[in-house]
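The values are calculated or read from the model by the stated rules, or taken from the named source; none is laboratory data. Every value quoted in this text rests on a predicted model; they were computed, and no experiment measured them. Counting neighbours? That spans all protein chains shown, and the Cβs are built from the backbone with ideal geometry, glycine included.
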Ligand code: PLP
């Protein structure tokens, strides 16, 4: 069987995705790759690996390479590595900061990240600074003054949908000799490309829209530069520390990626329509969504993102916790569950999860908008809000 020719250069991401990165299985001609189940691979009589790319599955296998190659192409990066979850990917990057170093993290981001970084830094004697990216000048000043080893951003942030200015932060990081990593989970690589804006690393929880079917945990980190030191340490976390994604999950992820462009298009359109509906509803205090003209960083979001503003939003219900829970409880089509980026729309009362002291408003409902018909989503929200 001849070697699979690569897909023609210059294809749109949609086409790359539709072909799962391109090519067919060289052994059989199958258009979908097999799931490699072997953990180990033989050597010949001279003790050379029979296939030089196959030694042991914690290091690598053909399916990881194919999936990582596709994601690196989407991000415009040099290399990607898959991890066992989004948090494993975040941990791999955060652990690149040595004891005695400094990590500057945007405040008000995914609670799991904040919690993990607080614990990790305290244990490893890394100074952790939490700074509000909503005050852009103060954030830039903090980088210049503290010259951290790593800056961690989340764009847009979960659940406040804050949009940090990646380009200006990356320029300041370069001046300070700081590595910039961006969690772009809520955007997807189709609408936000942090590496093109100057970030060194971009990370996604593949559990969310990349896979899109709420049926696997995964994470991925992509580096702009294959040679930088921090990237070498991230790769060690995968290969030596073993935070590797299973082959079956990788196969599911690659299958999910085939429809990413279609899903993102529908989710973005639905989210925009839902946000516009909620913004004008008398029972709603505010809608946090970067696609709305009233969002404080709408112009920045428009210039940083292409083709939409993502499928995540938060809505502040007039009243308090009781009113928010009444609306959540009355929704029929939206499912009451955590997570985001799946085909099905979800609602979550974040205060119930994060609790007192988290800074989450008690009247906030986070919505992850799926691929249902937009009219059905709006009708569901309408009837739930009518219960107040
Ligand atoms: N980053 C963001 C923005 C998230 O929302 C989440 C999970 O909700 C994560 C990272 C963690 O990903 P995972 O659940 O795959 O570990």
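If a residue has to be under 19 Å from residue 210 (Cβ atoms), more than 16 Å from the ligand (Cβ to nearest atom) and either in contact (Cβ under 8 Å) with a residue 24 or more places away in the chain or touching a helix residue (DSSP H, G or I) at 6+ places or on another chain (Cβ under 7 Å) (or both) to count, how many in region 62-74 make the cut? Final tally of qualifying residues: 9. The residues of region 205-217 that are surrounded by fewer than 22 Cβ atoms within 10 Å (Cβ to Cβ) and either away from the ligand (no atom under 15 Å from the Cβ) or in contact (Cβ under 8 Å) with a residue 60 or more places away in the chain (or both), listed by number, are 213, 214, 217. The sole residue among 164, 187, 133 that is within 15 Å of the ligand (Cβ to nearest atom) and closer than 21 Å to residue 338 by Cβ is 187.
Conditions (1) more than 14 Å from the ligand (Cβ to nearest atom); (2) closer than 14 Å to residue 96 by Cβ, marked per residue:
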{"position": "219", "(1), (2)": "no, no"}
{"position": "222", "(1), (2)": "yes, no"}
{"position": "227", "(1), (2)": "yes, no"}
{"position": "233", "(1), (2)": "yes, yes"}
{"position": "242", "(1), (2)": "yes, no"}
{"position": "245", "(1), (2)": "no, no"}
{"position": "259", "(1), (2)": "yes, no"}
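Scanning region 237-264 for residues that are in a helix (DSSP H, G or I) and touching a strand residue (DSSP E or B) at 6+ places or on another chain (Cβ under 7 Å) turns up 238, 250. Here residue 244 passes the criteria (1) touching a helix residue (DSSP H, G or I) at 6+ places or on another chain (Cβ under 9 Å); (2) crowded, with 24+ Cβ neighbours inside 10 Å except the one numbered (2). Does region 250-267 hold any residues that are out of contact with any helix residue (DSSP H, G or I) (no Cβ under 8 Å at 6 or more places or on another chain) and crowded, with 22+ Cβ neighbours inside 10 Å, and which are they? Within region 250-267, 256, 263, 264, 267 meet the criteria.
Of the numbered criteria (1) farther than 21 Å from residue 153 by Cβ; (2) away from the ligand (no atom under 14 Å from the Cβ); (3) without any contact (Cβ under 8 Å) to a residue 40 or more places away in the chain, the one residue 200 fails is (1).
Based on this model, can you work out whether residue 301 counts as part of a helix (DSSP H, G or I), within 22 Å of the chain's Cα centre (by Cα) and touching a residue at least 60 places away in the same chain (Cβ under 8 Å)? Yes.
Return the residues of region 83-123 that are within 16 Å of the ligand (Cβ to nearest atom), assigned to a loop (DSSP other than H, G, I, E, B) and out of contact with any strand residue (DSSP E or B) (no Cβ under 9 Å at 6 or more places or on another chain); say none if nothing qualifies. Scanning region 83-123 gives a single hit, 95. All conditions but one from (1) assigned to a loop (DSSP other than H, G, I, E, B); (2) touching a helix residue (DSSP H, G or I) at 6+ places or on another chain (Cβ under 6 Å); (3) more than 17 Å from residue 189 (Cβ to Cβ) apply to residue 34; the one that does not is (2). Checking each residue in region 156-177 for being in contact with a helix residue (DSSP H, G or I) (Cβ under 6 Å, 6 or more places away or on another chain) and part of a loop (DSSP other than H, G, I, E, B) picks out 159, 163, 165. Note on region 12-24: residues that are at pLDDT below 90 and touching a helix residue (DSSP H, G or I) at 6+ places or on another chain (Cβ under 9 Å) amount to 2. For region 37-55, the candidate set comprises residues that are modelled with pLDDT of 95 or more and surrounded by 13 or more Cβ atoms within 10 Å (Cβ to Cβ); within that set, the residue that is nearest to the ligand (Cβ to nearest atom) is 41. Annotation: of all residues in region 144-155 being outside any strand (DSSP E or B) and surrounded by 21 or more Cβ atoms within 10 Å (Cβ to Cβ), the one that is farthest from the ligand (Cβ to nearest atom) is 148.
Rundown of residues vs (1) closer than 23 Å to residue 204 by Cα; (2) touching a helix residue (DSSP H, G or I) at 6+ places or on another chain (Cβ under 6 Å); (3) within 16 Å of the ligand (Cβ to nearest atom); (4) at pLDDT 95 or above, yes/no style:
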position	(1), (2), (3), (4)
275	no, no, no, yes
279	no, no, no, yes
283	no, yes, no, yes
289	yes, yes, yes, yes
298	yes, no, no, yes
308	yes, yes, no, yes
319	no, no, no, yes
333	no, yes, no, yes
339	yes, no, yes, yes
